[in-house]
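Everything on this sheet refers to the single structure shown next.
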Amino acid sequence: MDYKTPQTPPPYYGGSQTSVTSQTNAVMRKVYVRMFIGLLISAFCALGVASSPAAMMFFFANKVVYWVMLIAMFAMAWIIPARMMKMSQGALLGCFCLFSALMGAWIAPIFVVYKLGTIVYTFFITAGTFGAMSVYGYFTKTDLSKFGSYLIMALFGLIILSLVNIFLHSNTLEWVVSIVGVLLFVGLTAWDTQTVRRLAQSNLDPGVTDRLATMGAMNLYLDFINLFLFLLRIFGGSRD
């Protein structure tokens, strides 16, 4: 179940407002804990790869490995949500952890390109921005779903521009992509948070809530990582 696409509302199983609130809070706690675990996995994998010249050569000097890793991450980002209800809860969480590890290996070069101080500084800015927008998405009474289709279309456009720039190597296009990327993932953070909260409030079957927490964690994880990388490009501070 990919909650980024329109679908039939989940069944309501009854229960008081107190139980719905309790369930919503429980789901959101799981979302943020699993997102944090994903970020930790990515951080350790990135540091591990960056600190090993052999690992850096394996992942980035070998074009076959480089493109296989990139394609695998794109495939997992679409296949995991699509097969969410067909996978066991453990398998779904395991796939998210594997995805986080691959992402960590993918972003390892930031420790070579950028100064450590810039990475830490950008991380805290990202955490503050992400936290503010997630809180907004959770508590706002504004229906953000009407912006969802525009955000998804913008995301597709951003992916295409990013892929094109891999071959063009245009600094101007990279700057534009970075600014648009920051604005886009700021919006996606609020929207994804509101979406998870609303689905949790629907008083879903208990068998679904754990999967919902994992998918919510994966979506917010991606929002955080992309926001961080686009901000890092803007702030620069490379070693060169």
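Assuming charge only on the beta carbon of Lys and Arg (+1) and of Asp and Glu (-1), the dipole of the chain about its Cα centre is about 180 debye to the nearest 20. Sequentially through the range 151-157, phi angles give Karplus couplings (6.51, -1.76, 1.60; θ = phi - 60°) of 5, 5, 4, 5, 5, 4, x Hz, Gly and Pro residues having no value and appearing as x. Annotation: per residue accessible area for the range 171-234 equals 30 Å², rounded to a whole number [probe 1.4 Å, protein chains only]. Sorted from longest to shortest, the spans of the Cα atoms of the chain along the three principal axes equal 60, 34, 30 Å. Excluding same-chain neighbours fewer than eight residues apart, the lysines reachable from LYS30 by a Cα-Cα span under 27 Å are LYS4, LYS86, LYS141, LYS146. Given the range 135-178, report the % of alpha carbon pairs whose separation exceeds 13 Å. Considering the range 135-178, 63 percent of its Cα-Cα pairs are separated by more than 13 Å.
Phi angles of the range 176-193 translate, via the Karplus equation with coefficients 6.51, -1.76, 1.60 and θ = phi - 60°, into HN-Hα couplings of 4, 4, 5, 5, 4, x, 4, 4, 5, 6, 5, x, 5, 4, 5, 5, 4, 4 Hz per residue; Gly and Pro are given as x. As a fraction of the 1.4 Å probe accessible area of the chain, surface on carbon and sulfur atoms comes out at 72 percent. Oblate is the label for the range 122-197, because the ratio a/c of its alpha-carbon gyration tensor axes (a ≥ b ≥ c) is 1.5 or higher and a/b is not greater than b/c. Excluding the site residues themselves, the longest part of the chain lacking any trypsin sites (Lys or Arg not before Pro) in a DSSP loop with at most 11 other Cβ atoms within 10 Å is 1-140. Residue-wise HN-Hα couplings along the range 83-90, as the Karplus relation 6.51 cos²θ - 1.76 cosθ + 1.60 with θ = phi - 60° gives them from phi, are 9, 3, 7, 9, 9, 5, 4, x Hz; Gly and Pro carry x. For TYR114, the amide hydrogen comes within under 5 Å of the amide hydrogens of ARG239, counting only partners 5 or more places away or on other chains and with H modelled in the peptide plane.
The values are calculated or read from the model by the stated rules, or taken from the named source; none is laboratory data. This is a predicted model, so every value here is computed, not measured. No Cβ is skipped: glycine too gets one built from the backbone with ideal geometry, and neighbour counts run over all protein chains shown. Areas reflect the complete protein model, heavy atoms only, side chains present, ligands, DNA and RNA absent. Shrake-Rupley method; radii C 1.70, N 1.55, O 1.52, S 1.80 Å.
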